[in-house]
Amino acid sequence: MKNKTADFYFPAPRTSRYCSQCATPITQLIPPDDNRVRDVCESCGAVHYQNPRLVVGTVPVWNNKILLCLRAIEPRARTWTLPAGFMELNETTAQGGLRETWEEAGVRVGLGELYTVIDVPHANQVHVYFLATAENDHVAPGPESLDARYFDLDEIPWDNLSFRSVSTTIRHFIEDHKNNSFTTHYYSIDANQPY
Ligand code: ZN
């Protein structure tokens, strides 16, 4: 690889500085017949639309316990999380949830029902979790996890969870488990509310 000077790699900011088609610096303006400011190339005319990203994950359950992973990476390193991550191209949400569960925890699960669909507008994301069942408590944390283990419902590390979509999904699970009635929950997380 020529001109390689990076010591490490990181996710680039969502807004590119240059047009990916012709390398002209990006201009922000409202294109004709549009109603929002977009990243536009005034040289070649390309409009670089940005849309929310999908985060897909699972709620893996074994013996009435929930699998959580201790994050090895930022953001929110060293906090516990449900296995989840950005959906990849050419996969379904279900495949993405299974893949993330395998990559982060080394756990193969049987996928259950769609469980939570959570809008996170301030982060421009939608988080989707599926119920999932593990056959045993074997774990093999991948490079993005420092640890992975199953927690009893009364020993969830509430003070050290990664994201509000994780804590709200676990709260719904505990409530539904108490009522012995699981249903899909759709809601949005407001940046100004604690959870
Ligand atoms: Zn261009």
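Of all the numbered requirements in (1) more than 16 Å from the ligand (Cβ to nearest atom); (2) loosely packed, with under 13 Cβ neighbours inside 10 Å, Gly45 misses one, and that requirement is (1). Would a scan of the stretch 157-164 turn up a residue that is surrounded by 13 or more Cβ atoms within 10 Å (Cβ to Cβ) and in contact with a Leu (Cβ under 7 Å, 6 or more places away or on another chain)? For the stretch 157-164, residues surrounded by 13 or more Cβ atoms within 10 Å (Cβ to Cβ) and in contact with a Leu (Cβ under 7 Å, 6 or more places away or on another chain): absent. Just the residues that are under 15 Å from Gly112 (Cα atoms) and either assigned to a strand (DSSP E or B) or charged (D, E, K, R) (or both), please, taken from the stretch 49-66. Once the filter is applied, which keeps residues that are under 15 Å from Gly112 (Cα atoms) and either assigned to a strand (DSSP E or B) or charged (D, E, K, R) (or both), the stretch 49-66 yields Val56, Gly57, Thr58, Val59, Pro60, Val61, Trp62, Ile66.
Could you please find all residues in the stretch 48-101 being among the acidic types (Asp, Glu) and either crowded, with 19+ Cβ neighbours inside 10 Å or closer than 20 Å to Val120 by Cα (or both)? Steps first, please.
Pass one, the stretch 48-101, residues among the acidic types (Asp, Glu): 74, 88, 91, 100.
Within the stretch 48-101, Glu74, Glu88, Glu100 qualify.
Of all residues in the stretch 1-28, those satisfying the criterion of being over 30 Å from the mean Cα position of the chain (by Cα) and either farther than 27 Å from Glu74 by Cβ or near the ligand (Cβ under 9 Å from one of its atoms) (or both) are Lys2, Cys22, Ala23, Thr24, Pro25.
Values quoted throughout were computed directly from the atomic coordinates according to the rules given, and no laboratory measurement underlies them. In this text, all values refer to a predicted model and were calculated from it rather than measured experimentally. Cβ atoms come from the backbone with ideal geometry, glycine included; neighbour counts cover every protein chain shown.
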